Amino acid sequence: MIFERLKELRNYEGYTQKDVASILNVQRATYAGWESGKDIMPLSQLLKIANNYQKSLDYITGLSNNDEKYISGKGNIDIQVVANNIHKYRKSNNITQKKMAQDLKTTQSNIHKYETGKCLITTMYALEFAKHYNYPLDDLIGRTVKKKPKN
């Protein structure tokens, strides 16, 4: 899943793990843990890597096979945008916090925290949200991506 694309993209670009770690401003061992699937990369780092490779978050995480180049000006995740998107989706689809918690295999308390902006949804639950509700990760975090014009 995530780690497969990370390694594939790194190799395609000719980067070493140390190169990517430097781009993300983390230790090589930290990046190696993400790439191997031992650890889960935080959403903020996924955004950085997606911007670096000019790919959608869904492609980076293996939720999509659309590998078109994308451009995005969004460099940071606004927790309130994510919170609003979760809340809006839940309300517009008449889903209770309890039901969403069951769907995402978490607690109702976590759903409340995510949709009130008390904490940012974790990568694991963001992936569950995207998969379960067929909702693009880029949309979830408010990242507007555009196809890069072909030369």
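The values are calculated or read from the model by the stated rules, or taken from the named source; none is laboratory data. No experiment lies behind these values; they were computed from the predicted model shown. Every residue, glycine as well, gets a Cβ built from its backbone with ideal geometry; the counts of neighbours run over all protein chains shown.
For LEU46, are the conditions met, namely being buried (at least 20 other Cβ atoms within 10 Å of the Cβ) and touching a Pro at 6+ places or on another chain (Cβ under 9 Å)? Considered against the rule, which asks whether it is buried (at least 20 other Cβ atoms within 10 Å of the Cβ) and touching a Pro at 6+ places or on another chain (Cβ under 9 Å), LEU46 comes out as no. Counting the residues of region 15-37 that are part of a loop (DSSP other than H, G, I, E, B) and at pLDDT 95 or above gives 5.
All conditions but one from (1) assigned to a loop (DSSP other than H, G, I, E, B); (2) more than 18 Å from ALA130 (Cβ to Cβ) apply to ILE40; the one that does not is (2).
Mind telling me which of the residues LEU63, LEU104 ends up being of a type outside the set (S, T, N, Q), under 17 Å from LEU120 (Cβ atoms) and surrounded by 12 or more Cβ atoms within 10 Å (Cβ to Cβ)?
Working: LEU63 fails: under 17 Å from LEU120 (Cβ atoms).
Sole residue among the options that is of a type outside the set (S, T, N, Q), under 17 Å from LEU120 (Cβ atoms) and surrounded by 12 or more Cβ atoms within 10 Å (Cβ to Cβ): LEU104.
Among what's in region 114-136 and is over 16 Å from PRO42 (Cβ atoms) and without any contact (Cβ under 8 Å) to a residue 40 or more places away in the chain, pick the residue that is surrounded by the most Cβ atoms within 10 Å (Cβ to Cβ).
If we filter region 114-136 for residues that are over 16 Å from PRO42 (Cβ atoms), which is where we start, we get 115-118, 131-136.
From what is left, the residues that are without any contact (Cβ under 8 Å) to a residue 40 or more places away in the chain are 115-118, 132, 134.
On the way: GLU115: 21, THR116: 14, GLY117: 16, LYS118: 12, HIS132: 12, ASN134: 8.
The qualifying residue surrounded by the most Cβ atoms within 10 Å (Cβ to Cβ) is GLU115.
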